[in-house]
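Trainee: Can you keep this structure in mind? I'll have questions shortly.
Derivation of every value follows stated rules applied to the coordinates shown; laboratory data play no part. Everything numeric in this text was worked out from a predicted model, so none of it was measured. Please note: Cβ atoms are built from the backbone with ideal geometry, for glycine as well, and neighbour counts cover all protein chains shown.
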Amino acid sequence: MGLLDPATSDGRVIFFLPWEGLTIAGTTDSPTSVTHHPAPREEDIQFILKEIKNYLSPDVHVRRGDVQAAWSGIRPLVTNPNSKNTQSISRNHVVDVSPTGLVTIAGGKWTTYRSMAIDTVDAAVEKCGLKPTSESRTDGMRLDGGYEWTPNHYITLAQDYGLETDVAKHLSQTYGDQASQVAKMAKVTGKRWPVVGQRLVDDFSYIEAEVKYAIYEYACTAVDVLARRTRLSFLNVDAAEQALPTILNIMKRELGWSKQRVEKERKDALDLLYFEMGKKAKESVVGKGITLSPIDLEKYKQRFNIADRDRKGFITRVDLQKLLQDMNEGLDDDTLTDMLNEVDLNKNGKVELEEFIELMNNVNEGHVSGNRLATLLKIGEQQQIQRKTKLPVDRSGGGL
């Protein structure tokens, strides 16, 4: 169930829709020039965040950092050639039949494609004097994958292939009764559970087999997979960037790409995420100057030193491994490297104190919703405080 308000503070419409476990909020509408990379504007993002406040409890605050992705598109608005007012612009599609019998459809949008098809074919039938045996049957016609699908289809899918429940639900709802074809392509995990279904990235239900299936259905580029087949770029640009190397490796193997082609695909995908999916807009508000109080600044310096025990001024993967040993925890090297890369702005393989302070400033400002390194250091600090304040048994009032 969604929510729509046609009367916002400036008269624009705003809506909220649940989608893929997240929430889409929008939308704004403004004139723009034609470009291959339509980018979301920060002022539009701030407008939506401002309007959201009117629908939430006072104790719930949606911050800029909670925005996982933002996008915009160019929608063509056409002038109806048959309209008496030549300046009138239609927000719907327009079907025009020329004197020579050419049927042209312009405008419209994805969500009305069936209506567009009906109007176009009806215009062609009328112009050509055809006599169809029935009315259009597109209303109610099921798409491929919908013929044998049921709401409980995912249960059988999970049982038959050993998929995690959320992955099985995702595959069932996305591919319908064709989901088993994707599951058959899934790689064995080597674990007791799930048996198959290696995820493209943690926290999302997309699996590597979907890349192979997308290629089977003629996906030709990494952007096809990120934006059009998995929708990962619309859900979380950071997760999409994290999944990109795996997607490139699979497509290189399946399509026989050269190194040059792989690099081109990488650049195109990163450009998509940066310009069109909100990464550039987010960077424009992150790191605009440190606004931490002296007390907070000192607190975060001390927290940084939980890992930087030698006071080098930076943290490496080895430092994090030592901290985890003290916490009786363990993470693999790839995860630790990813944690550092999220904060390592100058990409020198380590996190410097200045980079950590900038991170915590952005967390406090709401520009960043959370960070694994910041969370790890906070937990390490709390455990260190607990160890220091723990009373010995002979002074705690108990023990023999």
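Trainee: In a GNM of the chain with a 10 Å cut-off on Cα contacts, which of G349, G26, G190 has the highest mean-square fluctuation?
Mentor: G190
Trainee: Let me ask you something else. Can you give me the angle between helix 317-326 and the longest principal axis of the chain, using Cα atoms only, in degrees from 0 to 90, rounded to the nearest 10?
Mentor: 60 degrees
Trainee: Mind checking the dipole of the chain: about its Cα centre, +1 per Lys or Arg Cβ, -1 per Asp or Glu Cβ, Debye to the nearest 20? Walk me through the numbers before you get to the answer.
Mentor: Numbers: 52 positive and 57 negative charges, 69 e Å.
So the dipole magnitude of the chain works out to roughly 320 debye.
Trainee: List the lysines whose alpha-carbon lies under 17 Å from that of K264, not counting same-chain residues fewer than 8 positions away?
Mentor: Those lysines meeting the cut-off are K252.
Trainee: While we're here: So how do 4-11, 208-215, 68-75, 128-135 stack up, highest first, on mean other-Cβ count within 10 Å?
Mentor: 208-215, 68-75, 4-11, 128-135
Trainee: Answer rounded, prolate or oblate for region 16-70, using the Cα gyration tensor with square roots of eigenvalues a ≥ b ≥ c: rounded when a/c is under 1.5, else prolate when a/b is larger than b/c, else oblate.
Mentor: Values: a/c = 2.29, a/b = 1.76, b/c = 1.30.
Here region 16-70 falls in the prolate category.
Trainee: Let me ask another. Shape call for region 160-283 from the C-alpha gyration tensor, a ≥ b ≥ c root eigenvalues: rounded (a/c under 1.5), prolate (a/b greater than b/c) or oblate?
Mentor: prolate
Trainee: Quick one, which of (1) 6, 22, 20, 15, 12, 10, 7, 5, 3, 1, 0; (2) 4, 15, 22, 25, 18, 8, 4, 2, 1, 0, 0; (3) 5, 21, 29, 23, 14, 7, 2, 0 is the actual P(r) over Cα pairs in 10 Å bins from 0, in percent calculated for this model?
Mentor: Label (2) holds the value from this structure.
Trainee: Separate question: For region 294-389, what mean projected area does the convex hull of the alpha carbons give, in nm²?
Mentor: Computing the convex hull of the Cα atoms and averaging its projections yields 6.3 nm².
Trainee: Does region 182-252 come out rounded, prolate or oblate by the C-alpha gyration tensor, with a ≥ b ≥ c the root eigenvalues, rounded set by a/c under 1.5 and, if not, prolate when a/b is larger than b/c and oblate if not?
Mentor: Judged from the Cα gyration tensor, region 182-252 comes out oblate (a/c at least 1.5, b/c at or above a/b).
Trainee: Near the amide H of I207, under 5 Å away, which other amide H atoms are found, from residues 5 or more places off or on another chain, if H is placed in the peptide plane?
Mentor: So I207 has HN proximity to L200.
Trainee: Taking the Cα centre of each part, how many Å lie between region 227-274 and region 1-56?
Mentor: 27 Å
Trainee: Among the aspartates and glutamates, select those whose C-alpha is under 15 Å from the C-alpha of K131, and discard any that sit fewer than 8 residues away in the same chain.
Mentor: Once the sequence-local aspartates and glutamates are set aside, what remains near K131 is D122.
Trainee: Take the residue pairs K53/K280; K187/K212; K312/K350; K53/K109 and return only those whose Cα atoms are more than 18 Å apart.
Mentor: K53/K280; K53/K109
Trainee: In addition: Taking the alpha-carbon distance from K184 and a cut-off under 14 Å, which aspartates and glutamates remain once sequence neighbours fewer than 8 residues away in the same chain are dropped?
Mentor: Answer for K184, where 14 Å is the Cα cut-off: D160, E208, E210, listed by chain and number.
Trainee: Sticking with this one: With runs of 4+ DSSP H residues as the only contributors, calculate the mean residue ellipticity of the chain at 222 nm using -39,500 (n - 2.57) per run, divided by the residue total and rounded to the nearest 500.
Mentor: -13000 deg cm²/dmol
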